[in-house]
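Trainee: Sharing a structure, written as structure tokens. Questions coming.
The values are calculated or read from the model by the stated rules, or taken from the named source; none is laboratory data. Please read all numbers here as calculations on a predicted model, not as lab measurements. Note that each Cβ is placed from the backbone with ideal geometry, even for glycine, and that neighbours are counted across all protein chains shown.
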DNA sequence: TATTGTTATACTCTATAACTATA
DNA sequence: TATAGTTATAGAGTATAACAATA
């Protein structure tokens, strides 16, 4: 269904036709977008995650899953509410994610002794072993990123975004 | 070595929750996550977008739509391929987005004179007027962000992430 | 053959709401 | 009443593939 026939909606045409502006010649002007920090932060973050996701793909681990596994490994016995709050992951989403990690036998959940509603989270031995190898891959990703940005730039950036308190 | 300046410039609030102390328990240890720049970039970007999305909600404009409108406004007559490439938006997704913007009569598409496959993109007068008001809102968001981060930190960050490619 | 735009599907992530069981 | 976890839905964004029209 072609809806743009030549000669229609001439009102929106520029009054002066651009002379010979062939596609791809003149660079795109980003306009006010250049004043928006959020835009560039997102572009960079997406670019970084592209390599990160590819790096962890062989273990079928997504970035959010990685962060959950790391926090469970470093903070065994914590509840879903605590892990979720620390990572800013909705409890509904975390519940679904943990089902998958439990299905893989990487994570185990036990009823908390002091609160029947809570589940205490632990890595299984298998999960611990897998996470160690995944961490090694993640570290290789970070080395690539550091090399790409330059050590100094990487350090400046992480200092600026890590400790805002 | 720079000491803390006693100026009135309000210390920026923490954007990323520092290790959260939950119910009298020990704070969460982020472990190796603290070595991953991508993690903190994403946390900060999501936090920033939260305000941005809320700010533009009254016009029912999403961040990606905003970036497309800005680029069409600043670069009238460019094709979907050019706009999409500049913003790193898949052509399939951009096509769907442009259908919506065309439905609102903010954007018009004409067959390119030199290439029958391409569509030249323009803002309609209505779209131009809307975008001006949306830009004003976006600017107010950026002022809030600058105040929140502190002018100096905001400037350092945008200098580091702008033109990373 | 390659490119432009379109349509379609699948998956991740976010944001809700409603529900249960416990406190 | 409030909290912890579960289930469900809806929407945005990303990544594909297949297709028609055009180069």
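Trainee: So, of the residues in the stretch B:112-130 that are more than 20 Å from residue A:26 (Cβ to Cβ) and surrounded by fewer than 20 Cβ atoms within 10 Å (Cβ to Cβ), which turns out to be nearest to DNA strand C (Cβ to nearest atom)?
Mentor: B:116
Trainee: For the structure I just gave you, tell me whether residue A:81 is within 7 Å of DNA strand D (Cβ to nearest atom) and either within 24 Å of residue A:59 (Cα to Cα) or touching a residue at least 40 places away in the same chain (Cβ under 8 Å) (or both).
Mentor: no
Trainee: Filter the stretch A:102-113 for residues that are within 11 Å of DNA strand D (Cβ to nearest atom) and not in a strand (DSSP E or B); which is nearest to the other protein chains (Cβ to nearest Cβ)?
Mentor: A:112
Trainee: If I filter the stretch A:42-51 for residues that are in a loop (DSSP other than H, G, I, E, B), modelled with pLDDT of 95 or more, within 16 Å of DNA strand C (Cβ to nearest atom) and under 30 Å from residue B:37 (Cβ atoms), do I get at least one hit?
Mentor: No, there is no match, as no residue in the stretch A:42-51 is in a loop (DSSP other than H, G, I, E, B), modelled with pLDDT of 95 or more, within 16 Å of DNA strand C (Cβ to nearest atom) and under 30 Å from residue B:37 (Cβ atoms).
Trainee: Return only the number of the condition from (1) surrounded by fewer than 20 Cβ atoms within 10 Å (Cβ to Cβ); (2) part of a helix (DSSP H, G or I) that residue B:163 does not satisfy.
Mentor: Going through (1) surrounded by fewer than 20 Cβ atoms within 10 Å (Cβ to Cβ); (2) part of a helix (DSSP H, G or I) one by one, residue B:163 breaks only (2).
Trainee: Pairs needed: first member in the stretch B:60-77, within 11 Å of residue B:135 (Cα to Cα); second member anywhere, within 13 Å of DNA strand C (Cβ to nearest atom); C-beta distance under 6 Å; at least 6 residues apart or different chains.
Mentor: Pairs found: B:67/B:87.
Trainee: Same structure, new question: Looking at the stretch B:61-76 only, could you name the residues that are surrounded by fewer than 19 Cβ atoms within 10 Å (Cβ to Cβ), at the interface with chain A (Cβ under 7 Å from one of its Cβ atoms) and out of contact with any helix residue (DSSP H, G or I) (no Cβ under 6 Å at 6 or more places or on another chain)?
Mentor: B:76
Trainee: May I pose another question? Can residue A:157 be described as crowded, with 18+ Cβ neighbours inside 10 Å and either touching a residue at least 12 places away in the same chain (Cβ under 8 Å) or within 16 Å of DNA strand C (Cβ to nearest atom) (or both)?
Mentor: So residue A:157 does not fit the description; no.
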